[in-house]
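Everything on this sheet refers to the single structure shown next.
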Amino acid sequence: MTGTLVVIGQGYVGLPMALRAAEGGFKVYGLDTNAKTVEALNSGLSHIDDVSDDELRRGLKNGFEASGDPAVIGLADVVLVCVPTPLAEEGGPDLEAVRMAAGTIGDYITPKTLAILESTTYPGTTEEVFAPLVSKGGLTVGEDIFIAFSPERIDPGNEKYGVRNTPKVVGGMTEACTIQAVQFYTHFVDTVVPAKGAKEAEMSKLIENTFRHVNIALVNEMLRFSHELDIDLWNAIDCAETKPFGFMAFRPGPGVGGHCIPVDPSYLSHRVKARLGYSFRMVELAEEINTAAPLYVADRVRELLNERERSVKGAKILLLGVTYKANISDMRESPADPLAKRLIGWGADVSYHDPHVPQWQPHRAGVSLTSVEDPDQAASVADLTILLQLHSTYNLPALASRAKCMLDTRGVSQNDGRVAKL
Ligand SMILES: NC(=O)c1ccc[n+]([C@@H]2O[C@H](COP(=O)([O-])OP(=O)(O)OC[C@H]3O[C@@H](n4cnc5c(N)ncnc54)[C@H](O)[C@@H]3O)[C@@H](O)[C@H]2O)c1
C-alpha cells in the first residue's frame, strides 16, 4: 500500500484519477457531496462515459471506495480536489465548490498531508483562495502541510491518452510542496513535469485551452469567407497539414463546447481585466467568433432552404449528434443548444438523433425532445438534416443517400446537389 488518498469530486475528472491511483496501490476514498453518485459508485455503477462498470468494479476490488463522509480526509496522506469550476453569471469563475472543498479539507486535515487542487481556474487561485482555507487551522504551508496545483488534462472519449500516459504538470507553493506532489503522481503517472510554481502550473492549463480556442476561432472565421469565395477550407487545411513543421491543423465546425474550451479562457481574461484593468483581446475575439458559430450554421440552413424555395418556418429539421464532441454523452455548452434555440425561434419543426442522449431540452428553447429511433429514416423525411457530431455509429454514406438535403458541419462529405459542407 502506497498510502491513503482522498479524491474530492467524483465526476469526469475525479473518478478516473481515483481508479488509476487505486490501481497504483493507494487506498482511495472518492468523496462526493452527491449521495446518489456515492451509492451508485459503491454498487459498481459508473456515471462516466470513459469508465466502464467493469473498470469501476476492478477499482472497488483494488481499494477504491466512494464516500460522502468528509471525515475520511483525516485519514489521508494526499487529498486531490476535482470539483467543478463553472462560469458565474458575470463571466468570471464560480469558485464556490473549490471554496467548499478547501474549507472541508481545512476542517479535517492532519499534519504532513499533501493537498492538490486539480480544478481548472485562474492563476493565483491555489495561493489566494485554496491555501488559506486548507491551512486555516494554523498549519504552515511547506512545513506542516504541502499544497500544489496540478491541471487536469483528461480528454473524454480519448482512447489513446488517459491518466497514466498523459504527462502531469505539477507546481507547488514551495519547493518542498512541488517535490512532494511530483513524488505522489510518479506512483501512477508515467511522466510528471515540475513547474516553477503553482501559478505557472495554473497558467499552463489556460495556455493549452486558450490556444485551442483561438485556433478554432481562426478557422471558424475563415470558413465564412471561404464559403463566399467558393473555396473548400477543409481541403485547404488538409493540404496545409502536409507541411511537416510549423503547422498544426484545426478544423471548423458548428462551435466549441464542453467544460474547457468555451469556459477556461474566460477565467484568464476575467483575471486580466479584474487585476490589470485591460482586455485579453485575442480571447475576447475568439469567444465572439466561436459563440457565433452555431448561429452561422442557422444562417446556412436558411440559405439552403431558400435555394429549395422553402422557409425555415415550418421546415422539418433533423439534428444529428447533439453532444459537444463525438462518441460521448456530455452536453455541457454544446453548440447544438443555441442552434436549436435559433431554429425553433424561427418556427422550424426540430427533431434530433443522438445515440448518447435519449432526451433533450435545448437550453431556453422551451421544448422537450426525444431522440428519433432511426436516423436514416428520419433523414429521409426531414427537409434538412444537419450533421453536428459524427458519432462512430453513423453511417455517413447511408445517411447522405437517404437525406433530402444535408448540411455537413464537419466537412467530411463531398458536396453534391443534396449534401453541402458548412
Ligand atoms: N470534464 C473534462 O473534460 C475536464 C477536463 C479538464 C479539466 N476539467 C476540470 O476539472 C474540474 C472538474 O470537472 P468535471 O468535469 O470532473 O466535473 P463534474 O461535474 O463531472 O464532477 C464534479 C463532481 O464534484 C462533485 N462536487 C461538487 N462540489 C463538491 C464538494 N464541495 N465536495 C465534494 N464533491 C463535490 C459533484 O457532485 C460531481 O460529482 C473542473 O474544474 C473542470 O474545469 C474537466
* Listed residues A76, A88, A66; which is surrounded by fewer than 18 Cβ atoms within 10 Å (Cβ to Cβ) and either away from the ligand (no atom under 11 Å from the Cβ) or not β-branched (V, I, T) (or both)? -> A88
* To do: Tell me, please, whether a residue that is under 21 Å from the mean Cα position of the chain (by Cα) and open to solvent by 50 Å² or more (accessible area, probe 1.4 Å) can be found in the stretch 143-157.
  => yes
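What is the residue count in the stretch 242-257 for residues that are open to solvent by 90 Å² or more (accessible area, probe 1.4 Å) and not aliphatic (A, V, I, L, M)?
Total meeting the criteria: 6.
Could you pull out the residue among T2, T37 that is in contact with a His (Cβ under 7 Å, 6 or more places away or on another chain), near the ligand (Cβ under 10 Å from one of its atoms) and open to solvent by less than 60 Å² (accessible area, probe 1.4 Å)? Reasoning before the result, please.
Working: T2 fails: near the ligand (Cβ under 10 Å from one of its atoms).
None of the other options fit; the residue is T37.
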* Asked: Mind checking whether some residue in the stretch 12-31 is more than 11 Å from the ligand (Cβ to nearest atom), open to solvent by less than 30 Å² (accessible area, probe 1.4 Å), at positive phi and touching a helix residue (DSSP H, G or I) at 6+ places or on another chain (Cβ under 8 Å)?
  -> no
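Residues to consider are R99, R58; find the one that is more than 9 Å from the ligand (Cβ to nearest atom), surrounded by fewer than 21 Cβ atoms within 10 Å (Cβ to Cβ) and either under 27 Å from P355 (Cα atoms) or modelled with pLDDT of 95 or more (or both). Give the derivation first.
Numbers: R99 fails: more than 9 Å from the ligand (Cβ to nearest atom).
None of the other options fit; the residue is R58.
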* Structure fact -> Here the qualifying pairs (Cβ atoms under 7 Å; residues six or more apart or on different chains; first in the stretch 377-400 and open to solvent by 10 Å² or more (accessible area, probe 1.4 Å); second basic (K, R) and part of a helix (DSSP H, G or I)) come out as S380/R402
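Restricting the search to the stretch 293-326, which residues are part of a loop (DSSP other than H, G, I, E, B), open to solvent by 70 Å² or more (accessible area, probe 1.4 Å) and in contact (Cβ under 8 Å) with a residue 12 or more places away in the chain?
Selection gives R308, R310, K313.
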* To do: Under 7 Å between Cβ atoms, at least 6 apart or on separate chains: pull out the pairs that start in the stretch 11-24 with a residue that is outside the structural domain of E118 (by TED's automatic domain parsing) and end on any residue that is buried (at least 24 other Cβ atoms within 10 Å of the Cβ).
  => none
* Asked: Limited to the stretch 7-32, what total is found for residues that are more than 14 Å from A101 (Cα to Cα) and β-branched (V, I, T)?
  -> 2
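Restricting attention to the stretch 239-292, and to residues there that are of a type in the set (D, E) and part of a helix (DSSP H, G or I), which single residue is farthest from F225 (Cα to Cα)? Show your work before the answer.
Taking the stretch 239-292 first, the residues of a type in the set (D, E) are 241, 264, 284, 287-288.
Restricting the remaining residues to those that are part of a helix (DSSP H, G or I) gives 264, 284, 287-288.
Working: D264: 28, E284: 21, E287: 18, E288: 16 Å.
Result: D264.
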* Under the condition of being assigned to a loop (DSSP other than H, G, I, E, B) and free of Cβ contacts under 8 Å to residues at least 24 places away in the same chain, which residue from the stretch 102-142 is surrounded by the fewest Cβ atoms within 10 Å (Cβ to Cβ)? -> G138
* For the stretch 47-69, indicate whether the set of residues that are touching a helix residue (DSSP H, G or I) at 6+ places or on another chain (Cβ under 9 Å) and under 25 Å from S204 (Cβ atoms) is non-empty. => yes
* Would the stretch 41-52 turn up any residue that is within 16 Å of the ligand (Cβ to nearest atom), part of a helix (DSSP H, G or I) and within 21 Å of I328 (Cβ to Cβ)? -> yes
* Asked: With respect to D144, is the statement that it is acidic (D, E) and either within 21 Å of T110 (Cα to Cα) or not assigned by TED's automatic domain parsing to the domain that holds T85 (or both) true?
  -> yes
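The values are calculated or read from the model by the stated rules, or taken from the named source; none is laboratory data. Computed from a prediction, not measured in an experiment: that's the story for all the values here. Here the Cβ is made from the backbone with ideal geometry for all residues, glycine too, and neighbour counts use every protein chain on show. When the accessible area is computed, the model is the full protein with side chains, heavy atoms only, and any ligands, DNA or RNA have been set aside. Shrake-Rupley method; radii C 1.70, N 1.55, O 1.52, S 1.80 Å.
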